Amino acid sequence: NAKQYGYSIGGEDGRRLQVSYERMDEGLGSDFTMHRYVGGWHEYLTLPYLKHHVLAGRLVGGLATGNVLVQRAFQLGSPLLSEEIIALDETSYFLRGYPARRFRGQRMALASLEYRFPIVNIERGIRTWPLFFRRIYGTLFADTGNAWDKNTQISEFKTGVGGEIKLDMNLAYHLRLPLRFGVAYGLDQEGVFRGYLAVGNAF
């Protein structure tokens, strides 16, 4: 029931629940057999007296059974340069502030908190080019998560913090293309300080 209005920079006032199941089976032509389950809760809270300023939170977890592949069923880390849009049923999830796909396993848990705020509404294109620039907005974030095979502890979870500037635009009139430049810093062991350019939203 999350709401989105004409000048929103994302979901506002509500929540979005997602559940996915993916099956890969040798009997269906796959090279291996795997069952992957993912569930997520996204919560959005508009800040009082600040129009379109939003606190966005996410909890997501995953479990995979079947054959254990070298790359594992779930991968956490920073986005790669020009990273593809990450959906909930993909294998990779953003744990910003750590090397891309650094943490891998058959199980995964991830929590994120973002403060999203508008900077400027552009709402114009360039002559007759198939580009329309909607708005620029910023995000301050914190991510905490881990991926593992059998057992883990809270002390093994990694935390990263940082900020992003995003340009929300439409390409070819219908394709929405959020372009974002971010800087992230990992607070725990194996953390890095790096910038990245990516397409799409972390969640």
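The values are calculated or read from the model by the stated rules, or taken from the named source; none is laboratory data. Here the structure is a predicted model, which means the values were calculated and not measured. Because the Cβ atoms are built from the backbone with ideal geometry, glycine has one as well, and the counts that use them run over all protein chains shown. Surface accessibility is based on the protein's heavy atoms, side chains included, excluding ligands, DNA and RNA. Shrake-Rupley method; radii C 1.70, N 1.55, O 1.52, S 1.80 Å.
All other residues whose Cβ lies under 13 angstrom from that of residue 152 are scored, Lys and Arg at +1 and Asp and Glu at -1, for a net of +2.
Each of 1, 46, 30 was placed along the dipole of region 1-84 (beta-carbon charges, centred on the mean Cα), and the one lying farthest toward the positive end is 46.
Taking every protein chain into account, the accessible area of the chain amounts to 54 square angstrom per residue (probe 1.4 Å). Candidate values (i) 18.7, 61; (ii) 18.1, 57; (iii) 16.4, 49 were compared with Rg and Dmax of the Cα atoms in Å computed on the shown model; the agreeing label is (ii).
Any idea how far the Cα center of region 45-79 sits from the one of region 144-164, in Å? For region 45-79 versus region 144-164, the Cα centre distance is 11 Å. Give me the net charge for the shell around residue 183: Cβ to Cβ below 12 angstrom, other residues only, Lys and Arg +1, Asp and Glu -1. Net charge in that neighbourhood comes out at +2. Taking every C-alpha pair closer than 8 Å and separated by at least 6 residues, the mean separation divided by the residue count of the chain gives a relative contact order of 17 percent.
Evaluated with a Cβ-only charge set (Lys, Arg +1; Asp, Glu -1), the chain carries a dipole of roughly 540 debye about its Cα centre, given to the nearest 20.
A Gaussian network model of the chain, with springs between Cα atoms under 10 Å, assigns the largest mean-square fluctuation among 52, 42, 174 to 174. When a/c is below 1.5 the answer is rounded, else prolate if a/b is larger than b/c, else oblate, so apply that to region 113-184 with a ≥ b ≥ c taken from the square roots of the Cα gyration tensor eigenvalues. It comes out prolate by the Cα gyration axes.
Given their separation in residues at 0.36 nm each and the Cα-Cα distance between them, residue 129 and residue 55 gain 23.2 nm when the chain is fully extended.
The accessible surface of the chain, taken with every protein chain in place and a 1.4 Å probe, is 59 percent carbon and sulfur.
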